[in-house]
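Participant: This is the structure I have questions about; it appears just below.
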Amino acid sequence: MHQFLGRVIWIIARLIGSLLPAPEWYSATVRVSRLLAPVFRLIIRLTRFRNDPRKEISHSWLVGIILQRLDSLEKPFPIPIRTSGSEAIFQAWNRPEGVVVCSVHLPLWNLILRSLVELNCSPTLVLAGEKAIRDGMFPPWGSAVRLPALVVDKKIYIKARGILRRGGSVATMIDDGSSPSLNQNVLKFIGAVGARVVFATVELQGNGEVLVQFYTPPDPFCKTEQSVRSNIAYFESRIDAVLHRREHTPENEAEMSYSHPEEG
């Protein structure tokens with residue numbers, strides 16, 4: 001079932017990429033995904049992802065899968081991204097001890113990197129899984145930019161430390177994509193090297209716009225174990241808000257209209 005779904009999504013992406021000009025790819029993806037989201041939710045229940053919290057925002061998840069396929073066509077295309085909390089990035093950037101931008105496997109998480117590029121704050125290094133990296137580079141979707149990247153392995157902290165000690169910046173995930181728990185060791189590492197952390201989330205809006213939000217946690221320097229736990233709790237609350245915010249789907253839009261009739 002999972003392979004069948006992947007094949008169908010690939011065909012949809014190929015049709016969008018071949019029949020429409022690049023400036024229309026994103027809007028077409030959002031419209032098609034909105035129509036297919038109910039079917040996508042049903043199929044998810046039959047796969048290993050049935051307990052994945054991302055199923056609550058299945059429209060966003062489907063948009064992300066199709067965008068990934070479109071990006072493999074290696075042709076830039078516009079995506080409407082609105083960035084909130086950019087001051088958290090600007091305050092942390094160019095810090096001599098380095099900065100680490102942390103996110104999790106939310107749908108559309110790749111677009112956090114595109115937001116950083118558009119803010120002229122491209123990370124020095126992206127840490128990611130092997131499948132996401134192409135020839136040592138990481139591609140923000142829809143962008144011609146390619147960012148230097150390393151596969152996460154047992155020596156990744158040593159490699160990242162060298163970047164941070166030179167005042168560089170690192171973008172990484174602090175979850176493994178299969179469980180809701182966040183990796184406290186990443187924050188402890190940030191505290192140990194004297195770097196600064198910025199958290200980031202991404203969310204598809206009802207109008208198709210992508211909202212990227214950056215946050216300064218209670219202790220951006222992760223100085224103590226208590227402050228690390230506080231930072232984790234803070235970020236978990238932001239992630240939870242994204243995962244459980246009601247999506248704008250045809251079904252609930254009609255329901256909202258019914259629940260709020262016009263005065264007459």
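Participant: Cα gyration tensor of region 196-245, axes a ≥ b ≥ c as square roots of the eigenvalues: rounded (a/c below 1.5), prolate (a/b > b/c) or oblate?
Facilitator: oblate
Participant: Give the residues of region 91-133 whose amide nitrogen is closer than 16 Å to a point set 7 Å from the Cα of S84 in the direction of its Cβ.
Facilitator: Answer for region 91-133: 112.
Participant: Please list the helices of the chain that count as membrane-span-like by this rule: a mean Kyte-Doolittle hydropathy of at least 0.0 together with Cα atoms stretching 18 Å or more along the helix axis, each helix being a complete DSSP H run.
Facilitator: Working: long enough: 2-19 (26 Å, 1.11); 25-44 (25 Å, 0.99); 58-71 (20 Å, 0.50); 225-244 (28 Å, -0.29).
Those that pass (Cα extent of 18 Å or more, hydropathy at least 0.0) are 2-19, 25-44, 58-71.
Participant: Report relative contact order for the chain in percent, whole number only (criteria: Cα-Cα under 8 Å, sequence separation at least 6). Before the final figure, lay out the partial values.
Facilitator: Details: 418 pairs, mean separation 56.6, N = 264.
Across the chain, relative contact order equals 21 percent.
Participant: Given K154/K188; K154/K223; K55/K131; K55/K159, which pairs have Cα atoms separated by over 26 Å?
Facilitator: Working: K154/K188 16 Å; K154/K223 23 Å; K55/K131 22 Å; K55/K159 35 Å.
With Cα atoms farther than 26 Å apart: K55/K159.
Participant: Tally the DSSP beta bridges in the chain and give the antiparallel ones as a percent, rounded to 5. Walk me through the numbers on the way to the answer.
Facilitator: Numbers: 9 of 27 bridges.
Just about 35 percent of them are antiparallel.
Participant: Right, next: Find how much the distance from A22 to D240 grows on full extension, using 0.36 nm per residue of separation minus their present alpha carbon separation; answer in nm with one decimal. Intermediate results must be reported in sequence, preceding the final value.
Facilitator: Details: separation 218, 0.36 × 218 = 78.48 nm, distance 3.33 nm.
Taking A22 through D240 to full extension adds about 75.2 nm, to one decimal.
Participant: Please report, in debye to the nearest 20, how large the charge dipole of region 2-71 is about its Cα centre when each Lys and Arg carries +1 at its beta carbon and each Asp and Glu carries -1 there.
Facilitator: That gives a dipole near 300 debye.
Participant: Among (i) 66, 19, 16; (ii) 32, 22, 18; (iii) 38, 20, 14, only one was calculated for this model; which label is it, if the read-out is semi-axes √(5λ) of the Cα gyration tensor in Å?
Facilitator: Here the calculated entry is (ii).
Participant: Go through 46-53, 5-12 and give me the packing order, highest mean Cβ count within 10 Å leading.
Facilitator: On the way: 46-53: 13.0, 5-12: 14.8.
The most tightly packed comes first, giving 5-12, 46-53.
Values in this text are rule-based calculations from the coordinates and carry no lab data. It should be emphasised that the depicted structure is a prediction, and the values quoted were computed from it without experimental measurement. Counting neighbours? That spans all protein chains shown, and the Cβs are built from the backbone with ideal geometry, glycine included.
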